[in-house]
Amino acid sequence: MEQVFVIGDVHGELDLFKEMLEFFDPKMQQLILIGDLNDRGSKSKDCWLLGKRLVEESQAIYLRGNHEEYFLQFLKKPEDWFESYKYNGGKETIESLLHPGACEEYSPTEIAMFILGRYKELVEFLIERPFYYEWNQYVFVHAGIDLRKADWRKTNLHDFLWIREPFHTEKNTTGKVIVFGHTITPMLHGDMQTTTLWQSDNKIGIDGGAVFGGSLHGVIFDTQGIVEDHELPNMKGPWQPTV
C-alpha cells in the first residue's frame, strides 16, 4: 500500500468511527486501528464488531489497547477486576454486550459467564490482537514503547498498552517515527484544551479524547510523513476543548 490510514482511540463512539471511515480508501491505504475501541462510550459492542469486520474484510490492522486488555483480564478474574473495570468505562461495554442494568443485576462471575457464552468468537478475536505494527519508518502502537531498551521490540507487553510519561519524555533514538494513542493530546499539549496531534522527537500522539468531547483523529501517512489529518470533533461530550 502507498499509504496508511490510522484511527485513534474510538471508545465506543460509533457515529464518529463510521464518519471517519468515509475518508478511508481501501485501494490505496492500509487501515490501522490504534486500539481502545471499547469502554466509556455506549456503542462498544458495535465498535468491536465493526473493527472485527474491517480486519476480516479489509485486512485492517487492529492493535490491542489497554481497554481491550482490561476487558480480557476482567473475563479471566471477574471478581478481582470488576470494580476497577466498571469504574474505568467497563460498565458501558458490559451493558452494550448484555443490557442496561446488567452490572447491578448480576454478579461479576455471572456477567463474565454470560459474555463468554454469547461472544466466544469476539473474545477469541480480541485475544489475537497484535501489540504493534511496523510500516516503513513507522511504528504504530497503542501506548508507546520502552525507549530505554536497546531493542524497543523487547518492550514489556504491559508497556505497549499502558506506558505514559517515561515514553513521552525519553529521547527517541530508535530511528523510527512512533505513532500512538492512549494519552489524550490535550494532556500531552499540557493545557487540557488542545486536541490537535501532538508531535515531538519523532513521536506522534493521535488520541484527541473523542469520548470526552474532544476529537477523533484519522491520520494518513506515506513514506514522506503526514499527508492529511482528519479531525472530527465530538460535540456530544461532557467536556468541550478547543479544536
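The values are calculated or read from the model by the stated rules, or taken from the named source; none is laboratory data. Source: prediction; values computed, not measured. Quick reminder, even Gly has a Cβ in these numbers, built from the backbone with ideal geometry, and neighbours come from all protein chains shown. All accessible areas refer to the heavy atoms of the entire protein, side chains included, with ligands and DNA or RNA removed. Shrake-Rupley method; radii C 1.70, N 1.55, O 1.52, S 1.80 Å.
Within the stretch 135-243, which strands (runs of 3 or more DSSP E) (wholly inside it) include 2 or more residues that are buried (at least 16 other Cβ atoms within 10 Å of the Cβ), out of contact with any Leu (no Cβ under 9 Å at 6 or more places or on another chain) and not hydroxyl-bearing (Ser, Thr, Tyr)?
177-180, 215-222
Against the conditions (1) open to solvent by 10 Å² or more (accessible area, probe 1.4 Å); (2) on the phi > 0 side of the Ramachandran plot, where does Gly89 fall short? Just the number, please.
(1)
Take the residues in the stretch 100-134 that are open to solvent by 80 Å² or more (accessible area, probe 1.4 Å) and out of contact with any Leu (no Cβ under 9 Å at 6 or more places or on another chain), then tell me which one is farthest from Leu31 (Cα to Cα).
Out of the qualifying residues, it is Glu104.
Could you grab the pairs with beta carbons closer than 8 Å, sequence gap of 6+ or different chains, first residue in the stretch 42-57 and under 11 Å from Leu21 (Cβ atoms) and modelled with pLDDT of 95 or more, second one open to solvent by less than 30 Å² (accessible area, probe 1.4 Å) and among the hydroxyl-bearing types (Ser, Thr, Tyr)?
Gly51/Tyr62; Leu54/Tyr62
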